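Asker: To start, I am sharing the structure in question, which I have written as structure tokens.
The values are calculated or read from the model by the stated rules, or taken from the named source; none is laboratory data. The shown structure was predicted, so the numbers you read here are calculated from the model rather than taken from an experiment. Cβ: placed from backbone, ideal geometry, glycine included. Neighbour counts: every protein chain shown. Heavy atoms of the whole protein, side chains included, go into the accessibility calculation; ligands, DNA and RNA do not. Shrake-Rupley method; radii C 1.70, N 1.55, O 1.52, S 1.80 Å.
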Amino acid sequence: MKHRGILIVVSGFSGAGKGTLMKKLLETYDNYALSVSMTTRAPRQGETDGKEYFFVTKEEFLKKVSQDGLIEHAEYCENYYGTPREYVEKQLEAGKDVILEIEIQGALKVKEKFPNTLLLFVMPPNAAELERRLRGRGTEDDEVIRKRMHRAQEEAEGIEKYDFIVVNDDLERCVSQMHSMISAAHYAPGRNKEFIDEIRKELKSWS
Ligand code: 5GP
């Protein structure tokens, strides 16, 4: 049964460790493609254009929006973020499971447009650990950390809209759990409509 890939959204509070999880997931398994978003946020130290993000000006971002070049976009802590359409469509067509690492507003927009999207929410084991991880990055000042902790509080209200939570305490275990969740999701009836319809058609010929 050849599958078209499925779309997977991974959200989680800033600092929950999504980046590390995604990196390990992609290193461990070869059926995933990670979408690179476009953002108006300034690059952090060590980030390169085209790798973590496509860093653009607000004008460039809005131009892409007007060309319908983004699947979704949202504002987060005073910057714009969006998912370029072309890469996602190509990879899905090639049978890859495509991961979008995006925040909740974008996640819900994607789910609305593509109802078969699998929504995963990455959480730290507790809030103190989240703050510790944000500070540990050493790239954000107190004000940014305060904003991101506040934003986490807002985002926590939407967790039930996701299909599964992933508690990020042990990297290896988390990666293997995520892979299991995604593998199982492939077999949901809604993601196998063609196959089910085909069997139904075949069965009809018996009546
Ligand atoms: P950061 O500035 O820490 O890299 O990202 C801030 C937030 O924006 C994170 O929650 C991240 O998942 C989210 N984000 C990154 N790219 C996108 C995108 O293309 N669309 C949306 N809606 N959110 C994104």
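Asker: Answer with yes or no whether M22 is touching a Gly at 6+ places or on another chain (Cβ under 7 Å), among the hydrophobic types (A, V, I, L, M, F, W, C) and either closer than 17 Å to T83 by Cβ or open to solvent by 20 Å² or more (accessible area, probe 1.4 Å) (or both).
Answerer: Numbers: touching a Gly at 6+ places or on another chain (Cβ under 7 Å): no; among the hydrophobic types (A, V, I, L, M, F, W, C): yes; either closer than 17 Å to T83 by Cβ or open to solvent by 20 Å² or more (accessible area, probe 1.4 Å) (or both): yes.
Considered against the rule, which asks whether it is touching a Gly at 6+ places or on another chain (Cβ under 7 Å), among the hydrophobic types (A, V, I, L, M, F, W, C) and either closer than 17 Å to T83 by Cβ or open to solvent by 20 Å² or more (accessible area, probe 1.4 Å) (or both), M22 comes out as no.
Asker: So, one more: Of the residues that make up the range 154-169, is at least one assigned to a loop (DSSP other than H, G, I, E, B), open to solvent by less than 90 Å² (accessible area, probe 1.4 Å) and closer than 20 Å to K24 by Cα? Reasoning before the result, please.
Answerer: Here is the first cut: in the range 154-169, the residues assigned to a loop (DSSP other than H, G, I, E, B) are 157-158, 162-163, 168-169.
Narrowing the set further to residues that are open to solvent by less than 90 Å² (accessible area, probe 1.4 Å) leaves 158, 162-163, 168.
When the remaining residues are screened for being closer than 20 Å to K24 by Cα, the result is 168.
The answer is yes, given that some residue of the range 154-169 is assigned to a loop (DSSP other than H, G, I, E, B), open to solvent by less than 90 Å² (accessible area, probe 1.4 Å) and closer than 20 Å to K24 by Cα.
Asker: Now a separate question. Can you tell me which of Y80, Y53, Y76 is modelled with pLDDT under 95 and not small (G, A, S)? Walk me through how you get there before you give the answer.
Answerer: Values: Y80 fails: modelled with pLDDT under 95; Y53 fails: modelled with pLDDT under 95.
Being modelled with pLDDT under 95 and not small (G, A, S) holds for just one of Y80, Y53, Y76, which is Y76.
Asker: Counting only residues that are among the polar types (S, T, N, Q) and within 13 Å of the ligand (Cβ to nearest atom), give me the strands (runs of 3 or more DSSP E) lying completely in the range 20-129 with at least 2 of them. Break it down into steps so the answer makes sense when it comes.
Answerer: On the way: elements: 32-34, 37-39, 53-55, 70-76, 79-84, 97-101, 118-123.
The qualifying strands (runs of 3 or more DSSP E) are 37-39, 79-84.
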